[in-house]
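FYI, it's all coordinate maths here, none of it is from the lab. Keep in mind it's a predicted model, so treat the numbers as computed, not measured. Counting neighbours? That spans all protein chains shown, and the Cβs are built from the backbone with ideal geometry, glycine included.
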Amino acid sequence: MSAKWQRIRIDIDPRIKPADRVALADDIIEHIYERTTVQNLDRRNRQFARYSKSYINSAEFKGAGKSAGDVDLQLTGDMLAALDLLSHKSGSLLIGFERGTEENAKADGNIRGTYGKSEGTGPRRDFLGLTAAKLRELQREYL
């Protein structure tokens, strides 16, 4: 089964000007990155499910120099680095991954718990998004 396109439409205040929409999107992406990699929290600010023992014991995991402790969704760092503003218009941002890319497939595996399988059998780690309170806080700078 192919990966679903992972993106999120974020409704924002329509008074925010185009250049400021791009800056706000950058702030949102930075927030998602920091919350995911430093705080190890999903989009609802909950701890990520722990890594499985088989993943911790894999050559890929060991080769990346990872530790079994904090789940930060960064084996190579490529997936989160690919998170981007896909489009914007008055009142709306579309943030996510380019459709059909390897990074989108990695994000899809984490978000839906599929990890290359047809059904979600693994833990879901839905990192793509932010709370309404955090969005209000980030928007304030641009109003």
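Please state the charge dipole magnitude for the chain, taken about the Cα centre, from unit charges on C-beta atoms (+1 on K and R, -1 on D and E), reported in debye and rounded to the nearest 20. Present the calculation step by step, with values, prior to reporting the outcome.
On the way: 24 positive and 21 negative charges, 109 e Å.
Around 520 debye, computed over the chain.
Only helices reaching 20 angstrom along their own axis (Cα) with mean Kyte-Doolittle hydropathy no lower than -0.5 count here, and for the DSSP H runs of the chain these are 18-37.
What 222 nm value per residue comes from the helices of the chain, counting each DSSP H run with n ≥ 4 as -39,500 (n - 2.57) and dividing by all residues, nearest 500 deg cm²/dmol?
Details: 6 runs with 52 residues, N = 143.
That calculation yields -10000 deg cm²/dmol at 222 nm.
Each distinct pair of alpha carbons in segment 49-105 adds a 1/r term; the inverse of their mean, the Kirkwood radius, is 13.5 Å.
Considering only the other residues whose Cβ falls under 13 Å of the Cβ of D84, what net charge follows from Lys and Arg at +1 and Asp and Glu at -1? All intermediate terms of the calculation are to be shown ahead of the outcome.
Numbers: positive: R7, R99; negative: D26, E30, D78, E98, E103.
Once positives and negatives cancel, what remains is -3.
For the pair segment 89-133 / segment 1-68, the C-alpha centres are spaced 8 Å from each other. In this structure the amide hydrogen of S87, modeled in the peptide plane, comes within under 5 Å of the amide hydrogens of L94, none closer than 5 places in sequence on its chain. If you take all other residues with their beta carbon under 12 Å from the beta carbon of D13, and give Lys and Arg +1 and Asp and Glu -1, the sum is +2. Taking amide H as placed 1.01 Å from N in the peptide plane, the amide H of L75 sits under 5 Å from none that are at least 5 places away or on another chain. Counted by Cβ distance under 11 Å from G129, the other residues give a net charge of +4, where Lys and Arg count +1 and Asp and Glu count -1. What translational diffusion coefficient, to the nearest whole µm²/s, does segment 7-142 have by Stokes-Einstein, given a Kirkwood radius computed over alpha-carbon pairs, a temperature of 10 °C and 1.306 mPa s viscosity? Taking Rh from Cα pairs, D becomes 101 µm²/s. Shown in residue order for segment 69-79 are the 3J(HN,Hα) couplings computed by the Karplus curve 6.51 cos²θ - 1.76 cosθ + 1.60 at θ = phi - 60°: x, 7, 8, 10, 6, 10, 6, 10, x, 5, 4 Hz (x for Gly and Pro).
So how much slack lies between N57 and T76, counting 0.36 nm per residue of separation and subtracting their Cα-Cα distance, in nm? The partial results should precede the final answer.
On the way: separation 19, 0.36 × 19 = 6.84 nm, distance 1.67 nm.
That works out to 5.2 nm of additional length.
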